[in-house]
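In what follows, a single structure is set out as structure tokens and then discussed.
The values are calculated or read from the model by the stated rules, or taken from the named source; none is laboratory data. It should be emphasised that the depicted structure is a prediction, and the values quoted were computed from it without experimental measurement. Methodologically, a virtual Cβ is constructed for each residue, glycine included, from the backbone with ideal geometry; neighbour enumeration extends over all protein chains shown.
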Amino acid sequence: MSGDLLWKLGGTVERMLYGWLLASLVGIAIGALIGISPLVRAYLEPMLEFLRPLPASAIIPAAIALMCTKFAPTYSIEPLEWY
């Protein structure tokens, strides 16, 4: 065993924690702004109400495709072709 799997797992966990921290900070900041400012609430409420009923399983793939980060998957699963 070369330890390569643990190294890659550590990198994955690190990116996951950074993403969770960033999303938490942004969410708390936006929530505070919505709670404090009626203008911000009026501006963001239609978009938030549109996104509320959508399941995460529908939003996450679209968000990944739109962000196009350097951490995007480098492999894809090709469909099997039967001849």
**Asked** Does residue 34 meet the test of being assigned to a helix (DSSP H, G or I) and either modelled with pLDDT under 80 or over 20 Å from the mean Cα position of the chain (by Cα) (or both)?
**Response** yes
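A quick yes/no check of all residues on (1) touching a residue at least 24 places away in the same chain (Cβ under 8 Å); (2) outside any helix (DSSP H, G or I); (3) surrounded by 11 or more Cβ atoms within 10 Å (Cβ to Cβ); (4) in contact with a Phe, Trp or Tyr (Cβ under 6 Å, 6 or more places away or on another chain):
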| residue | (1), (2), (3), (4) |
| --- | --- |
| 8 | no, no, no, no |
| 13 | no, no, no, no |
| 17 | no, no, no, no |
| 21 | no, no, no, no |
| 29 | no, no, no, no |
| 40 | no, no, yes, no |
| 46 | no, no, no, no |
| 50 | no, no, no, no |
| 53 | no, yes, no, no |
